[in-house]
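The values are calculated or read from the model by the stated rules, or taken from the named source; none is laboratory data. As the structure is a computational prediction, the values presented were derived from the model and not from experiment. Virtual Cβ from ideal backbone geometry, glycine too; neighbours counted across all protein chains shown.
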Amino acid sequence: MTLPSVTLPARLTACLAARQGLKIIAGLQTFAPERVRHVCNAAVAGGADLVDVAVDPQLVRLARSCGVTTVCVSAVEPERFPAVVAAGADLVEIGNFDCFYDQGRDFTGAEVLELTQRSRALLADVPLSVTVPHRLPLSEQQRLAEQLVAAGADLIQTEGGTSSQPRSAGIQGLIEKAVPTLAAAHAISRTVRVPVLCASGLSAVTAPMAIAAGAAAVGVGRAVNRLEDPLAMVAVVRSLRQALTAGAAPTVDSPIRC
């Protein structure tokens, strides 16, 4: 893995290098300040490395006021990025696209590539993360990831868990739910040299699996942002942090020593 050539916040650089990064996602379509405040407070209290908020300068400032050290802003409209960068966002992200699938909207590889090119043209020196749509065949996800990096993406994010329909309950169900994004993280991390962030449908059970599959960080949204109890949000974030730092997970290609 090669870290981006653009300047990343120190904490983000460190967690990517250690392959223990934790991003908490408030939601690309979550604009309610109080809801975002709860997510940000939980992320800070639970030990997350960065928080992902919707494309609104007010939400960037809100995240900062909660003590968030690294703020990521997600959108699918590149022209809205400059305003949030001016408000203090550390990096921007195209996607993820899970929330759009329920609305019947898909994103093609060509569309994501074009969004990436527009974003990089607008923001030459701002770290850029791009999500690869999980509805593409895995081989196409790999090819698209290569094209996105060539177009200026500094990080690649995977997705897929929210569209997965596990058949089992308990731990087995949690693993089944994460399979699409874990598979993408494994394939893409071996295709590109930039850090891969594995997101969608992850839990404290499967977050370490994402790291073992090749991801440098994980992103978790609904497991936190759909909770109503702020204390429960903190508990989930802490469980994720503990799962990631319990021990350095080897990748699936690492030799096993007895």
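Summary table
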quantity: Subset tally (residues that are among the aliphatic types (A, V, I, L, M), modelled with pLDDT under 95, touching an Asp or Glu at 6+ places or on another chain (Cβ under 7 Å) and outside any helix (DSSP H, G or I)) for region 7-65; calculated: 0
quantity: Only one of R238, R222, R190 that is charged (D, E, K, R) and farther than 30 Å from E34 by Cβ; calculated: R190
quantity: So M233, is it at pLDDT 95 or above, part of a helix (DSSP H, G or I), touching a His at 6+ places or on another chain (Cβ under 8 Å) and farther than 30 Å from L123 by Cα; calculated: yes
quantity: Which listed residue, of A215, A246, A223, is within 17 Å of the chain's Cα centre (by Cα) and either modelled with pLDDT under 95 or under 16 Å from A26 (Cα atoms) (or both); calculated: A223
quantity: Filtered residue count, region 5-35, keeping only those that are under 22 Å from A207 (Cβ atoms) and of a type outside the set (G, A, S); calculated: 15
quantity: Residues within region 38-86 that are under 19 Å from A14 (Cβ atoms), surrounded by fewer than 19 Cβ atoms within 10 Å (Cβ to Cβ) and not hydroxyl-bearing (S, T, Y), tallied; calculated: 3
quantity: Residues located in region 39-74, provided they are over 20 Å from G21 (Cβ atoms) and either of a type in the set (V, I, T) or over 19 Å from the mean Cα position of the chain (by Cα) (or both); calculated: V55, P57, Q58, R61, L62, S65
quantity: Lone qualifier among S189, S200 - being surrounded by 16 or more Cβ atoms within 10 Å (Cβ to Cβ), hydroxyl-bearing (S, T, Y) and at pLDDT below 95; calculated: S200
quantity: Criterion violated by Q147 - all others in (1) surrounded by fewer than 21 Cβ atoms within 10 Å (Cβ to Cβ); (2) under 15 Å from S203 (Cα atoms); (3) touching a helix residue (DSSP H, G or I) at 6+ places or on another chain (Cβ under 6 Å) satisfied; calculated: (2)
quantity: Total residues in region 138-155, condition of a type in the set (D, E, K, R) and farther than 16 Å from H186 by Cβ; calculated: 1
quantity: Members of region 44-84 that are touching a residue at least 60 places away in the same chain (Cβ under 8 Å) and out of contact with any helix residue (DSSP H, G or I) (no Cβ under 6 Å at 6 or more places or on another chain); calculated: D52
quantity: Selected residue (criterion: farthest from the chain's Cα centre (by Cα)) from residues of region 91-131 that are polar (S, T, N, Q) and not in a helix (DSSP H, G or I); calculated: Q103
quantity: Scan of region 217-244 for residues that are closer than 21 Å to V130 by Cα and surrounded by 24 or more Cβ atoms within 10 Å (Cβ to Cβ), ordered by number; calculated: A217, V218, G219, V220, G221
